[in-house]
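Data block below; observations after.
The values are calculated or read from the model by the stated rules, or taken from the named source; none is laboratory data. Fair warning: this is a prediction, and the values are worked out from it, not measured in the lab. Every residue, glycine among them, receives a Cβ derived from its backbone with ideal geometry; neighbour counts consider all protein chains shown.
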């Protein structure tokens, strides 16, 4: 296979997988009210249907990324797609909420194997001068999945029930596997290095304790778990500083300001935006009285703009310093989130669509340049770790975002189902969450701006 054909094959695989996973997530958000109705779930338990996959992906992403650098990115990617597809089939057959949540957790593990390798494979085969454009196309795949997820997921849920959302993803996974088998070669740029199992265990347990503990706030148990997790992270940092073959090379953060602050900006961006789709899916179906199909069409406004803008901003980031574009995108994100803090039962639908469009424009301007900034800041042997680190920022941000939503629900709703008598409590919870999201995105403007300065 020629170099150009190899690049095209890698681009198809990376873009298809980039479409695959967010399509699943955004489809599930639309199906949540139907799932809650069938199993009689309260708001807190319902949120775990969405959050369990994100939790697993965040916990396992860096370990799988490092393992892929040592033993083969294509191999890990392949088995990740297999696990993700099989878990989708298992989700469709769930007979209880615990079974569904456990299947979603397994799906998150498969997602971690995909996230930690797909972008790394793409970065490995494209030269630096073409990388931004390729990454922009792959990121556009993410937003295409996010675009079709609400509309198609809403249609499937409305016509065939929520289980059809999971079944629909099975043939998509099989198509990705077929294309992957056509991709020649393997990428093992850290071959022979030792996998840091102790560091991976410390990292996974500590991160899980923090994320799960955050969802249990304001209870004492949640605070204890967070303290245990923080102690675990500090122990992990100390261990990695002495390890001969570390899971995460901490010098990546010390050597390059752009790498460090671009990752931090990504963490903030996803913390501020992931919960928006979850909250608005519930708002549109419960408060506005839309069907799942209609709510999906409204939610399309954001990812459509993201899909249109991401390839353009990715291409521009090959010529303009990428952190500058990311800073502007973060500013638009802040403006959009502020408008959602005024959401109530009388908010006109055009206002919701306009705010979602601004959000889509902002995130689209941020994501591709931010990805380019992170991946261009490291040597090729660290592509897997850099990709996994960025993916961890995204997924930890997603989980942190859901943690903010869970905390707001815990403070203002408790474990009650969302029904007319409690709509006022739901709206108050949503506005508080949007206020926190706005504050985070405002801080993200400065994180992106600092990252735009050259490293000393």
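Couple of notes before you dig in:
- Residue in region 98-109 that is closer than 20 Å to residue 181 by Cβ and either in contact with a helix residue (DSSP H, G or I) (Cβ under 6 Å, 6 or more places away or on another chain) or surrounded by fewer than 24 Cβ atoms within 10 Å (Cβ to Cβ) (or both) present: no
- Filter pass, residue 247 being within 26 Å of residue 72 (Cβ to Cβ) and at pLDDT below 75: yes
- Residue within region 21-29 that is crowded, with 24+ Cβ neighbours inside 10 Å, within 30 Å of residue 198 (Cβ to Cβ) and either within 21 Å of the chain's Cα centre (by Cα) or at pLDDT 80 or above (or both) present: yes
- From 76, 62, 82, residue being assigned by TED's automatic domain parsing to the domain that holds residue 401, in contact (Cβ under 8 Å) with a residue 12 or more places away in the chain and surrounded by fewer than 19 Cβ atoms within 10 Å (Cβ to Cβ): 82
- Test: residue in region 265-277 that is surrounded by 16 or more Cβ atoms within 10 Å (Cβ to Cβ), more than 26 Å from residue 369 (Cβ to Cβ) and in contact with a helix residue (DSSP H, G or I) (Cβ under 8 Å, 6 or more places away or on another chain): no
- Verdict on residue 161 being assigned by TED's automatic domain parsing to the domain that holds residue 7, surrounded by fewer than 24 Cβ atoms within 10 Å (Cβ to Cβ), more than 30 Å from residue 247 (Cα to Cα) and in contact with a helix residue (DSSP H, G or I) (Cβ under 8 Å, 6 or more places away or on another chain): yes
- Within region 423-456, the set of residues being surrounded by fewer than 19 Cβ atoms within 10 Å (Cβ to Cβ), in a helix (DSSP H, G or I) and at pLDDT below 80 comprises 449, 450.
- Listed by position, the helices (runs of 4 or more DSSP H) enclosed by region 238-300 that each have at least 3 residues that are in the same structural domain as residue 164 (by TED's automatic domain parsing) and within 30 Å of residue 317 (Cβ to Cβ) are 251-255, 257-282.
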